[in-house]
Amino acid sequence: MKLAGRVAIVTGGSGGIGRAIVLGLAAEKAAVVVSNRGSREDAESVVDEVCACGGTAAYVSADVTRPAAVEKMVSEVIERFGRVDILVNNAGISRDSLLPLMRTAQWQEVIDVNLSGVFYCTRAVVRPMALRRSGAIINISSILGERPWRAHVNYSAAKAAVNALTRASAVELARFGIRVNAVAPGFILTKMTRTALEKFRDRVLASIPLGDFGQPEDVAKAVAFLASDDARYITGEVLHVTGGAGIAVGPL
Ligand code: NAD
C-alpha cells in the first residue's frame with residue numbers, strides 16, 4: 001500500500017507495458033488515470049480490471065503529441081481527483097526502417113510521440129506538483145537509447161534524448177520536490193516487439209545474460225518503486241530492466 005492517497009497518470013496505459021504499470025500502481029493503492037490515443041475499449045478494460053479489484057481508475061483520452069490535449073487531460077485529472085502525484089510517460093511507438101529508406105514521416109512521428117510527448121506531459125504536471133512540493137515522474141525509455149539495433153535510428157535517437165531529458169528535468173525540478181527518473185526496458189514481450197522478437201528469437205536470447213525475455217510486470221515493478229517514497233532520494237537515474245542485455249562487450 002505504498003501509494004495510498006496518490007493519483008497517477010499513465011500515458012499509453014492500455015498497451016502491453018502501460019497496462020501492467022497501471023495494475024502495478026493500483027495494487028499499491030494509487031488512483032490511476034489511464035490515458036491513450038486510439039482504442040477507448042482497451043483503456044476501459046484496464047479501468048474495469050482495476051475497479052474489479054477494488055481500486056480506483058478512470059480513463060482520459062489524450063494524444064501526447066498535442067500540447068492542448070495534454071493540458072486538458074491534466075486539468076480533467078485535477079478537477080476529478082484534486083491532485084496529480086505521479087506521471088508515467090509510457091506512450092510510445094516504433095516505425096522501423098533502414099536509415100536510407102526511412103521516410104520523413106517515420107522519423108517525425110517517432111520523435112513526436114516518444115520525445116515531444118514526454119516533454120508536453122512533463123510540462124503540464126509541473127505546476128500542480130510544484131504547488132504540493134511533491135511529485136514523481138517516470139519516463140519509459142529503452143535499452144535502444146544506449147545500444148543501437150539496425151533499422152531503429154528514429155527510436156534510438158528519441159529514447160537517448162528521453163534519458164537526457166530525464167536528467168535535465170530532474171536537476172531543474174528538484175527544487176519543487178519533484179523527482180524525475182527513467183526506466184529503460186530491454187526486450188519485453190508485448191505487441192510492439194512480438195514480431196521482431198519472434199524473427200530474431202535465438203539471437204536476441206543469446207544476448208541476454210539472464211537468458212529470457214522480460215515481462216511487462218518486470219517494468220511495472222521498477223516503476224512502482226520509483227514512484228514510491230522508497231525512492232525518495234533517487235532522481236535523474238535511468239534504471240535498466242533488461243536481464244543484463246547490453247552490458248557485455250563480448251560473447252556471453
Ligand atoms: P504498446 O504498443 O503495447 O503500447 C503503446 C501505448 O502507447 C498504447 O496504449 C497506445 O495507445 C499509446 N500511444 C501511442 N501513441 C500515442 C499518442 N500519440 N498519445 C497517447 N498514447 C499513445 O507498446 P509497449 O511495448 O507497451 O511500449 C510501452 C513503452 O515501453 C513505449 O514507450 C516503448 O517505447 C517502451 N519500450 C518497450 C519495450 C518492449 O520490449 N516492449 C522495450 C523498451 C521500451
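All of the numbers you see were taken from the coordinates with simple rules; none came from a lab. What you are looking at is a predicted structure, and each value in this text was computed from that prediction instead of being measured. Glycine gets a Cβ as well: all are built from the backbone with ideal geometry, and neighbour counts include every protein chain shown.
Remarks
- Based on DSSP H segments of at least four residues, each scored -39500 (n - 2.57), the chain has a per-residue ellipticity at 222 nm of -14000 deg cm²/dmol.
- The chain: angle of helix 16-27 to the longest principal axis, Cα-based, in degrees nearest 10: 40
- The residue list V70, T11, A30 was ranked by how far each Cα lies along the charge dipole of the chain toward its positive end, using unit charges on Cβ atoms, and V70 comes out on top.
- Inter-centroid distance (Cα atoms) of region 53-67 relative to region 138-153, Å: 25
- Region 154-218 and region 10-46 have Cα centres lying 18 Å from one another.
- Within-15-Å neighbourhood charge of G236 [Cβ basis; K, R +1; D, E -1]: +2
- The charge dipole of region 42-166, taken about its Cα centre with unit charges on the Cβ of Lys, Arg, Asp and Glu (plus for the first two, minus for the last two), comes to roughly 540 debye.
- Pairwise inverse Cα distances across region 158-202, averaged and inverted, put the Kirkwood hydrodynamic radius at 12.8 Å.
- Rounded to the nearest 20, the Cβ-based charge dipole of region 170-252 about its Cα centre (Lys and Arg +1, Asp and Glu -1) stands at 220 debye.
- Along region 199-213 the Karplus relation, 6.51 cos²θ - 1.76 cosθ + 1.60 evaluated at θ = phi - 60°, assigns HN-Hα couplings of 5, 10, 2, 5, 5, 5, 4, 5, 9, 10, x, 7, x, 8, 6 Hz to successive residues, with x for each Gly and Pro.
- Note on the chain: with charges restricted to the Cβ of Lys and Arg (+1) and Asp and Glu (-1), its dipole about the Cα centre is near 500 debye.
- Backbone amide hydrogens, once placed in the peptide plane, bring G236 within less than 5 Å of V180, N181, excluding anything fewer than 5 places away on its chain.
- In this structure, the amide hydrogen of I188, modeled 1.01 Å from its nitrogen in the peptide plane, lies closer than 5 angstrom to those of G214, counting only residues at least 5 positions away or on a different chain.
- Cut-off 12 Å between beta-carbons: net charge of the residues surrounding L131, Lys and Arg +1, Asp and Glu -1: +3
- Evaluated at q = 0.14, 0.15, 0.16 Å⁻¹, the base-10 log of the normalised Debye intensity for the chain, with identical point scatterers placed on the Cα atoms, takes the values -0.89, -1.03, -1.17.
- Under 5 Å, built H, 5+ apart or other chain: amide partners of T56: V32
- For region 40-53, backbone phi angles converted through the Karplus equation (6.51, -1.76, 1.60; θ = phi - 60°) give residue-by-residue couplings of 5, 4, 4, 5, 5, 5, 5, 4, 4, 5, 5, 5, 5, 8 Hz, Gly and Pro being listed as x.
- The long axis of helix 117-132 is offset from the longest Cα principal axis of the chain by roughly 30 degrees.
- The share of alpha-carbon pairs in region 114-246 lying farther apart than 20 Å comes to 47%.
- Number of Lys-Lys pairs in the chain with C-alpha atoms under 25 Å apart and a separation of 8 or more places or on different chains: 9.
- Pairs of alpha carbons in region 1-140 whose separation is greater than 21 Å (percent): 39
- Sum of side-chain charges, Q215 neighbourhood, beta-carbon under 14 Å (Lys, Arg +1; Asp, Glu -1): +1
- The angle between the Cα long axis of helix 153-173 and the longest principal axis of the Cα atoms of the chain comes to about 40 degrees, rounded to the nearest 10.
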